[in-house]
Structure formats: C-alpha cells, structure tokens
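Let me begin by presenting the structure, written as structure tokens, before commenting on it.
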Amino acid sequence: KITANYSGHLLTKVPKNIPVHTHILDLSHNRISEITNLEFISLPDLQVLNLSHNLITELDFSVFILNQDLEYLDLSHNNIWIAYCQRLARLRHLDLSFNKFTVLPVSSKFDSFKYKEPSHCFCSKPKLQFFPLI
C-alpha cells in the first residue's frame, strides 16, 4: 500500500503531486481551510484520509464521492461549523470530534452508516442534533 505523509508541512491547500495510487493519505496538522473534489478525484485507491488538526470550516461529503474505497476519515480538530452529509459506500470510521457545529444534517442515504456502526462515528458535542434531509 502506498502511503503519502504530508503531516505538519504547514500546507494551506491539498498538494497536487500526491501519487495516484495512494492508499493512505495523512494531511493532518496543517493549515488547510477548504477541500474540494478536485483534490481527491485523482485518488481512486484512497482508503484512509487524515485531515485532522486543520482549519476546515465547511464539509460536503460529496467531495469524496469518487473515492469508492474510502474506509477511514478523520476530520477531528478543525473549525467545521456546517457539514452536508451523504453515505459513502465503504466508510467505516468517521471522526468529526472537536469541531464547531451543533447540527449535523444527515441524508437518508447516510442512515445505514449511522445505525450500523455508531461506535465508529465520533462527535464531540454532547447536544449534537441529527436531522434528516429529504
């Protein structure tokens, strides 16, 4: 498995030179504030993505829609105040702890993840509310 480690490089954007067949990508401890599908579209084999300890403020799960093998996603310790969720086919671990949101919209397509493995979805807000999207 190919691992790409960019942790602690003070990056403000996702690098463009990530090897195409990367399985594990560590972008933690940087200054990344925004992620788009353009950064991850060329990484079809991505299984583990660590974006913890960055400055991300908004999250749309559709960014990862073409990363069909993504199983582990860590977005903890960011500044995420809003997230647009949808189910990702193989996602088994999701860490959204230590962010700024109080409401996490969850689409009906995401329900199977929420109920299948709740111990693998971490959120730090004790009063976090989930509400369904149509």
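A short reminder: the numbers here are calculations on the coordinates, not readings from a lab. Remember, predicted model here, so these are calculated numbers, not experimental data. Glycine gets a Cβ as well: all are built from the backbone with ideal geometry, and neighbour counts include every protein chain shown.
Quick look at the numbers
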{"item": "Neighbourhood net charge (13 Å Cβ-Cβ; Lys/Arg +1, Asp/Glu -1) for ILE2", "result": "-2"}
{"item": "Positive minus negative residues near HIS21 (Lys, Arg vs Asp, Glu; Cβ under 15 Å)", "result": "-1"}
